[in-house]
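The block underneath contains the structure these notes are about, expressed in structure tokens.
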Amino acid sequence: MKSLRLSAGYLILYVFLDWVSYIHPLLPLAITPWNPPPGLSLAFLLLFGLRKWPALLIAALLAETFVRDIPAPFAYLAASSLALTTCYSGAAALLLGPLRFDTVFRSLRDLSWFLAVALTGALLAALAYVAIYTFAGLVPPDKFLNSILRFWVGDVIGIIVIVPLLLVHTPFKTIHWRWTGETTTQAASVALALWIIFGLEFTDEFKFFYLLLFLPLIWIAMRHGIRGSTLAILGTQLGLIAAVQTGGHKAAAVIELQLLMLALAITGLFLGMAVTSRRLLESRLLEQQAELDRALRFAAAGEMTSALAHELNQPLSALTSYLHACQLLLTQPKIQHTLLTGTMGKAVNEARRAGQVVHRLRNFYRGGIVQRQQISIMAFLKEGIAPLLNRAERHNISIRISCPQKLPDIRVDRVQLETVLHNLVYNSIDAIAEARSARREIIIDASALSVDAVCICVADTGPGVPSEVQPQIFEPFTTGKIDGTGLGLAISRSLVEAHHGKIWLDKSFAGGTRFCFSVPVSIPTGNHD
Amino acid sequence: MTEPTIFIVDDDAPVRDSLSLLLGLKGYATHSFASAEDFLSACQPEWHGCLLLDIRMAGMNGLELQQQLLSRQIPLPIIFITAHGDVAAARAALKAGAADFLEKPLDDRLLLATITTALKRSAYQRDEALVTQEIMDRMARLTAREREVMEKVTLGEPNREIARQLGISPRTVEVYKARMMEKMQAHSLPELILLVLSLRKNSD
């Protein structure tokens with residue numbers, strides 16, 4: 001049922017696109033300079049599977065019959081529709097099969113293969129289509145090559161504008177797109193370039209001005225990667241078409257405009273893809289680094305625990321034996337007071353030795369501190385969660401930071417407090433991911449707590465902390481995760497306390513978990529350390 | 001040193017001291033060493049009892065000492081004690097024949113039970129060794145001829161056949177046989193066979 005609706009939607013959209021793009025047709029075959037339907041077909045197959053190919057055939061037949069109104073017997077219409085279907089299904093099969101094309105569309109390799117297949121597929125389609133109608137007597141022999149060229153370029157443009165656009169912006173991928181002032185300026189710059197080229201009389205004769213269109217495209221691609229560049233390409237193309245339609249640009253220039261569109265699209269796609277794949281690589285590296293840091297920290301904690309166990313077990317073992325010996329001494333008929341007193345003294349020494357181990361450990365942790373530096377809360381929060389953004393995105397979780405402007409800067413050991421923030425957000429991601437919550441959101445907010453402290457809270461939409469675990473949540477080795485060490489919150493607590501702060505679980509928070517910790521703010525006059 | 005002794009090898013002085021005090025009060029003879037090297041240089045073949053051995057020590061560690069004792073064929077049962085719950089070390093120790101592996105802090109009841117078992121094992125081994133030694137002593141007193149006769153008798157050969165093989169008269173065989181049975185302190189043929197068999201089993 002869903003599949004049927006999907007195919008029906010595709011058919012309607014196909015016929016509609018064919019109809020709206022029915023501009024400047026090269027009659028009687030109705031070859032248009034900008035032909036998006038094949039792009040729609042290819043994207044449809046790539047996204048929903050090759051088995052949907054019959055829909056392509058039906059769509060082509062409908063379009064040939066109702067939109068283009070080609071004066072040829074049905075057999076020719078059927079043959080041409082079949083030829084188009086074969087070419088584009090073949091292109092999709094080639095991409096998905098031997099070329100192992102990834103529809104996530106995030107690498108230059110995928111882009112290159114896609115362009116190669118699009119060019120070849122459209123050429124074959126053009127040859128077959130024009131040949132069939134030449135056979136039907138609709139194409140004069142002297143227009144044969146010209147028709148092929150027009151058809152080919154028109155289809156290629158349609159494909160390379162539409163397919164990347166749909167692949168990159170499919171509705172089932174999360175889109176983190178915020179409309180900012182910069183985006184508005186970028187859109188305006190596209191419009192400005194179009195106006196300079198087509199609106200001003202004196203620029204008509206200078207093809208040189210076409211280059212202006214590349215500037216906003218490059219800007220957008222550099223800033224927004226492939227997502228931005230596909231939209232910019234679409235906008236530029238629509239603008240070009242509108243300009244040609246309204247401005248009555250010389251019809252002879254159609255092929256020039258086509259080539260301009262092609263150059264714009266290919267440039268935009270490669271630039272956007274280069275930016276995107278590089279950003280992807282960077283964030284992957286960042287994430288790996290974060291994972292490694294975390295692993296090392298816990299390995300260090302594990303090593304510490306092991307050493308601590310050894311150091312403590314020696315005195316405890318001796319202490320146990322001494323005390324047991326004391327018991328035995330007391331049960332003897334004639335109590336040897338000197339031996340008993342001596343043994344108890346030794347037991348006391350062992351207890352003291354165990355105490356010293358603990359004392360040394362605490363000093364060790366204290367010694368690890370503190371390289372305080374002044375930093376704005378927003379910067380601290382942003383940089384603290386940066387390594388986790390990818391992980392959050394993978395689990396479809398959005399992270400929101402809310403931080404009032406007027407908060408003072410904080411004065412902290414950045415590495416240590418970033419570890420705390422990192423731990424809390426990491427836990428939140430795990431909680432939401434494992435619980436499969438419907439709302440998937442982490443909210444980090446900062447607020448003033450007192451004159452000399454601010455409070456940073458991390459709230460998630462996970463299942464929350466079970467009430468029976470709450471009292472010992474900060475104790476070492478308390479964990480609700482299968483592979484958890486139970487050290488994250490314990491370490492976080494000691495780090496926060498080393499800053500004379502507090503960390504707590506917000507029990508009044510309903511609908512998830514909310515941890516808060518306080519941080520000292522920078523006081524310009526006094527020396528805080 | 002004829003009574004079984006518990007040898008304590010640990011580089012932590014209070015651990016050594018408290019263990020020897022406790023075990024002394026429990027009626028065991030104890031002997032402490034601060035390192036594996038000290039123990040090895042003092043070790044005598046006739047020592048028996050068991051060894052309480054720490055794994056992590058400066059210098060030679062517990063597992064290395066275990067190997068040394070194995071190669072010197074000193075059959076003291078070893079109870080390892082460690083402040084690290086180290087699975088790999090425990091596995092290595094037990095595979096090399098350790099009697100047990102205990103974690104510090106020691107549970108005294110468990111320690112005493114383990115020591116009892118180890119001492120029983122040690123005593124049994126010691127008895128076995130004594131029996132074997134006794135039989136070998138008896139056998140050493142046989143002449144070459146008596147030894148030949150014993151081997152053939154235990155294989156079940158009749159006197160006549162033995163006489164033929166050795167080229168002597170059946171009557172002479174009878175004389176050798178009687179002298180051999182006397183030296184081996186065997187009252188019957190089955191008893192003799194049992195003695196020879198136990199020797200073979202223990203020497204394997």
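The values are calculated or read from the model by the stated rules, or taken from the named source; none is laboratory data. The structure displayed is predicted, hence computed values, not measured ones. Every residue, glycine among them, receives a Cβ derived from its backbone with ideal geometry; neighbour counts consider all protein chains shown.
Of all residue pairs spaced 6 or more apart or on separate chains, those with beta-carbon atoms under 8 Å, a first member in the stretch B:153-176 that is in the same structural domain as B:Leu189 (by TED's automatic domain parsing) and over 24 Å from B:His187 (Cβ atoms) and a second member that is part of a loop (DSSP other than H, G, I, E, B) and not polar (S, T, N, Q) are B:Gln165/B:Glu157.
Residue-by-condition table, conditions (1) among the aliphatic types (A, V, I, L, M); (2) within 19 Å of B:Val15 (Cα to Cα):
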site: B:Trp47; (1), (2): no, no
site: B:Cys50; (1), (2): no, yes
site: B:Gly62; (1), (2): no, yes
site: B:Leu70; (1), (2): yes, no
site: B:Ala83; (1), (2): yes, yes
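Note on the stretch B:1-48: among residues that are of a type in the set (S, T, N, Q) and under 23 Å from A:Lys334 (Cβ atoms), the one that is farthest from the chain's Cα centre (by Cα) is B:Ser18. Residues in the stretch A:382-400 that are touching a residue at least 40 places away in the same chain (Cβ under 8 Å) and more than 12 Å from A:Val425 (Cα to Cα): A:Asn390, A:Glu393, A:His395, A:Asn396.
Taking the conditions (1) within 8 Å of chain B (Cβ to nearest Cβ); (2) crowded, with 17+ Cβ neighbours inside 10 Å in turn, A:Phe270 satisfies each one other than (1).
Residues that are aliphatic (A, V, I, L, M) and in a loop (DSSP other than H, G, I, E, B) within the stretch A:484-508 comprise just one, A:Leu487. Here A:Ala453 fulfils each of the conditions (1) touching a strand residue (DSSP E or B) at 6+ places or on another chain (Cβ under 8 Å); (2) small (Gly, Ala, Ser); (3) free of Cβ contacts under 8 Å to residues at least 12 places away in the same chain apart from (3).
In the stretch A:313-321 there is at least one residue that is crowded, with 17+ Cβ neighbours inside 10 Å, of a type in the set (Ser, Thr, Tyr) and out of contact with any strand residue (DSSP E or B) (no Cβ under 9 Å at 6 or more places or on another chain). Under the condition of being in a loop (DSSP other than H, G, I, E, B), free of Cβ contacts under 8 Å to residues at least 40 places away in the same chain and either of a type in the set (D, E, K, R) or closer than 21 Å to A:Ala347 by Cα (or both), the residues counted in the stretch B:28-55 number 1. Remark: pairs (first residue in the stretch B:178-195, free of Cβ contacts under 8 Å to residues at least 60 places away in the same chain; second residue of a type in the set (Asp, Glu); Cβ separation under 8 Å; 6+ apart in sequence or on different chains) = B:Arg179/B:Glu146; B:Met180/B:Glu146; B:Lys183/B:Glu146. If you filter the stretch B:12-53 down to residues that are within 14 Å of chain A (Cβ to nearest Cβ) and among the polar types (S, T, N, Q), you find that the one that is farthest from B:Ala123 (Cα to Cα) is B:Ser18. Selection within the stretch A:197-231: residues that are of a type in the set (A, V, I, L, M, F, W, C) and not in a helix (DSSP H, G or I). The member of this set that is modelled with the lowest pLDDT is A:Phe206. Candidates are the residues of the stretch A:306-346 that are among the small types (Gly, Ala, Ser) and within 8 Å of chain B (Cβ to nearest Cβ); the one that is farthest from the chain's Cα centre (by Cα) is A:Ala325. Scanning the stretch B:56-73 for residues that are in contact with a Pro (Cβ under 9 Å, 6 or more places away or on another chain) and either within 14 Å of chain A (Cβ to nearest Cβ) or part of a helix (DSSP H, G or I) (or both) yields a single hit, B:Leu69.
Table: residues versus (1) under 24 Å from A:Leu165 (Cβ atoms); (2) more than 27 Å from the chain's Cα centre (by Cα); (3) not in a loop (DSSP other than H, G, I, E, B).
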site: A:Trp34; (1), (2), (3): yes, yes, no
site: A:Ile58; (1), (2), (3): yes, yes, yes
site: A:Ala75; (1), (2), (3): no, yes, yes
site: A:Leu94; (1), (2), (3): yes, yes, yes
site: A:Leu127; (1), (2), (3): no, yes, yes
site: A:Leu138; (1), (2), (3): no, yes, no
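Taking the stretch B:1-25 as the range and being farther than 23 Å from B:Val87 by Cα, buried (at least 17 other Cβ atoms within 10 Å of the Cβ) and of a type outside the set (Ser, Thr, Tyr) as the test, the residues that pass are B:Pro4, B:Ile6, B:Phe7, B:Pro14, B:Arg16, B:Asp17, B:Leu19, B:Leu21, B:Leu22, B:Leu23, B:Leu25. Of all the listed residues (B:Glu146, B:Glu157), the sole one being buried (at least 16 other Cβ atoms within 10 Å of the Cβ), in a loop (DSSP other than H, G, I, E, B), away from chain A (no Cβ under 14 Å) and of a type in the set (D, E, K, R) is B:Glu157.
For the stretch B:99-108, the condition holds for no residue, the condition being that it is in contact with an Asp or Glu (Cβ under 8 Å, 6 or more places away or on another chain) and either aliphatic (A, V, I, L, M) or farther than 23 Å from B:Ser188 by Cβ (or both).
Scanning the stretch B:50-73 for residues that are at pLDDT below 90 and in contact with a strand residue (DSSP E or B) (Cβ under 9 Å, 6 or more places away or on another chain) gives B:Ile55, B:Arg56, B:Met57, B:Asn61. Here B:Ala89 passes the criteria (1) in a helix (DSSP H, G or I); (2) within 14 Å of chain A (Cβ to nearest Cβ); (3) in contact with an Asp or Glu (Cβ under 9 Å, 6 or more places away or on another chain) except the one numbered (3). Is the stretch B:106-127 home to any residue that is more than 14 Å from chain A (Cβ to nearest Cβ), in a helix (DSSP H, G or I), under 26 Å from B:Leu197 (Cα atoms) and of a type in the set (Asp, Glu)? Within the stretch B:106-127 (the criterion being more than 14 Å from chain A (Cβ to nearest Cβ), in a helix (DSSP H, G or I), under 26 Å from B:Leu197 (Cα atoms) and of a type in the set (Asp, Glu)), the answer is yes, since at least one residue qualifies.
Just one residue in the set A:Leu417, A:Leu424 is at pLDDT below 90, buried (at least 17 other Cβ atoms within 10 Å of the Cβ) and in the same structural domain as A:His499 (by TED's automatic domain parsing); that residue is A:Leu417. Of the residues that make up the stretch A:464-475, is at least one small (Gly, Ala, Ser) and in contact with a Lys or Arg (Cβ under 7 Å, 6 or more places away or on another chain)? The answer is no; no qualifying residue exists. For B:Ile74, indicate whether it is farther than 22 Å from A:Ala318 by Cα, in contact with a Cys (Cβ under 7 Å, 6 or more places away or on another chain) and either assigned by TED's automatic domain parsing to the domain that holds B:Asp12 or in contact (Cβ under 8 Å) with a residue 60 or more places away in the chain (or both). Judged against the criteria, B:Ile74 is a match.
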